[in-house]
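Chemist: Below you will find the structure I want to go over with you.
The values are calculated or read from the model by the stated rules, or taken from the named source; none is laboratory data. Bear in mind the structure is a predicted one, so any value in this text is a computation, not a measurement. A quick note on method: Cβ atoms are made from the backbone with ideal geometry, for glycine too, and the neighbour counts reach across all protein chains shown.
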Amino acid sequence: MNEIIELTEAAAYQIKDMMKENEEENAYLRVGVKGGGCSGLSYGMGFEHEISEDDQILKQHDLTILIKKEDAGVLKGTKIDYKQSMMGGGFTIDNPNAIASCGCGSSFRTATNVGTPEEC
């Protein structure tokens with residue numbers, strides 16, 4: 001797959017559900033990376049209503065996904081899934097570019113981008 005990120009069907013279903021619950025059916029899904037977390041970078045996902053000119057646009061499972069061009073290299077090949085368990089559910093992010101991650105699983109760094117590490 002040549003996409004920057006791959007959204008599984010389970011993740012897409014959950015996102016559509018969240019959009020409906022929050023009356024955001026017409027929104028786009030923004031996936032990004034920002035500095036922070038104990039390993040230097042952390043993921044962000046949220047709803048967006050504006051496409052900016054530095055966005056790359058992906059379409060998967062009837063969702064429009066926005067990714068800033070500057071985040072594309074760090075996210076390339078990332079798989080976003082949604083897993084349900086006895087303890088509830090949550091999104092899992094599998095990024096082949098991450099060379100180090102922290103115990104909480106929401107922070108990482110890559111060989112070319114160490115981000116801005118914080119104390120855990």
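Chemist: In region 56-97, what residues are within 17 Å of ILE4 (Cα to Cα), assigned to a strand (DSSP E or B) and in contact (Cβ under 8 Å) with a residue 40 or more places away in the chain?
Modeler: GLN56, LEU58, GLN60, LEU63, ILE65, ILE67, THR78, LYS79, ILE80, ASP81, ILE93
Chemist: So, one more: Taking the condition of being surrounded by fewer than 16 Cβ atoms within 10 Å (Cβ to Cβ), modelled with pLDDT of 60 or more and of a type outside the set (Asp, Glu), how many residues in region 92-112 meet it?
Modeler: Of the residues in that region, 6 qualify.
Chemist: Follow-up. Kindly indicate whether LYS59 is surrounded by fewer than 17 Cβ atoms within 10 Å (Cβ to Cβ) and modelled with pLDDT under 95.
Modeler: When the stated conditions are applied, LYS59 does not pass them.
Chemist: To continue, here is another question. From GLU9, GLU3, GLU23, grab the single residue that is charged (D, E, K, R) and surrounded by 12 or more Cβ atoms within 10 Å (Cβ to Cβ).
Modeler: GLU3
Chemist: I'd like the full set of residues that are touching a Phe, Trp or Tyr at 6+ places or on another chain (Cβ under 8 Å), of a type in the set (A, V, I, L, M) and closer than 22 Å to PHE47 by Cβ, limited to region 64-99.
Modeler: Selection gives ILE65, LEU66, ILE80, ILE93.
Chemist: (1) assigned to a strand (DSSP E or B); (2) surrounded by 12 or more Cβ atoms within 10 Å (Cβ to Cβ): which one isn't true of LYS16, the others all being true?
Modeler: (1)
Chemist: Next up: Kindly check whether there is at least one residue in region 70-81 that is in contact with a helix residue (DSSP H, G or I) (Cβ under 7 Å, 6 or more places away or on another chain), under 18 Å from TYR28 (Cα atoms) and acidic (Asp, Glu).
Modeler: Yes: region 70-81 contains one or more residues that are in contact with a helix residue (DSSP H, G or I) (Cβ under 7 Å, 6 or more places away or on another chain), under 18 Å from TYR28 (Cα atoms) and acidic (Asp, Glu).
Chemist: Of everything in region 10-24, what is among the polar types (S, T, N, Q) and in contact (Cβ under 8 Å) with a residue 60 or more places away in the chain? Give them in sequence order.
Modeler: Once the filter is applied, which keeps residues that are among the polar types (S, T, N, Q) and in contact (Cβ under 8 Å) with a residue 60 or more places away in the chain, region 10-24 yields only GLN14.
Chemist: Moving on to the next point. Conditions first: (1) at pLDDT below 90; (2) within 17 Å of the chain's Cα centre (by Cα); (3) crowded, with 16+ Cβ neighbours inside 10 Å. LYS34 passes all but one, so which condition is the exception?
Modeler: For LYS34, the failing item is (3).
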